Amino acid sequence: MVFLEAGSEVLRIRTFNPPTGVPEPEHVHPFQESGFEIISGSLRLRVAGEEQSLRAGESTTIPANTPHYFWNDGGEEAHSIQWFRPALKIDRFFESFFGLAQDGKLNDKGLPSLLQLAVSVPYFGDEIRLTSPPWPVQRATFGLLGPLGRMLGYEAEYPYPHLR
């Protein structure tokens, strides 16, 4: 992932997705419109229950608060430009998430530990939310576990290696 444009109005990132065939967890960006432009390769998306495939030169826009996820089920790496409007603090979410990944702190489903989630999910709740369990359940659960996570040293933002 490469940050192309990071400001208050929009975040644009360049991503490279290997052909794993494994989708990311379904999520929403409650207050952000987002989108993809495929540069090379292809990505499959499920947006509001509708599956679509995007190939080089194609793009899509996902309205705010619309459930979606994507994956690369093709035979080659997919190169895309993704954007989020307004940017809010989604850049810090990505830095934290990829910092955790680089340090080997994600499970086989690509998620951090429960206590890391307990401090990060509420903090980044305006930028990104998993669709399951429902948001009120996540808030209640993480509201109880968050103080324990913070007491044990977990922080909402996890520094990306170049920021340490």
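The values are calculated or read from the model by the stated rules, or taken from the named source; none is laboratory data. Only a predicted model underlies this, so the values are computations on that prediction, with no experimental measurement involved. When we count neighbours, we look across all protein chains shown, and the Cβ atoms used for this are built from the backbone with ideal geometry, even at glycine.
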Restricting to region 28-50, give me the number of residues that are part of a strand (DSSP E or B) and either in contact with a Phe, Trp or Tyr (Cβ under 7 Å, 6 or more places away or on another chain) or within 26 Å of Ser8 (Cβ to Cβ) (or both).
12
Expected single match for among the aromatic types (Phe, Trp, Tyr) and touching a residue at least 40 places away in the same chain (Cβ under 8 Å) among Phe124, Phe94 is Phe94
Hey, Val119 hits all of (1) of a type in the set (Val, Ile, Thr); (2) out of contact with any strand residue (DSSP E or B) (no Cβ under 9 Å at 6 or more places or on another chain); (3) in the same structural domain as Pro30 (by TED's automatic domain parsing) but one; which does it fall short on?
(3)
Top-ranked residue in region 56-89 [being among the β-branched types (Val, Ile, Thr) and more than 12 Å from Arg44 (Cα to Cα); ranked as farthest from the chain's Cα centre (by Cα)]
Thr61
Of these, Leu130, Leu114, Leu145, Leu88, which one is on the phi > 0 side of the Ramachandran plot, of a type in the set (A, V, I, L, M) and touching a residue at least 12 places away in the same chain (Cβ under 8 Å)?
Leu88
If a residue counts only when it is out of contact with any Phe, Trp or Tyr (no Cβ under 7 Å at 6 or more places or on another chain) and at pLDDT 95 or above, which strands (runs of 3 or more DSSP E) contained entirely in region 51-164 have at least 3 such residues?
68-71, 78-85
So, in region 137-156, of the ones that are among the aliphatic types (A, V, I, L, M) and over 20 Å from Arg92 (Cα atoms), which residue ends up surrounded by the most Cβ atoms within 10 Å (Cβ to Cβ)?
Leu145
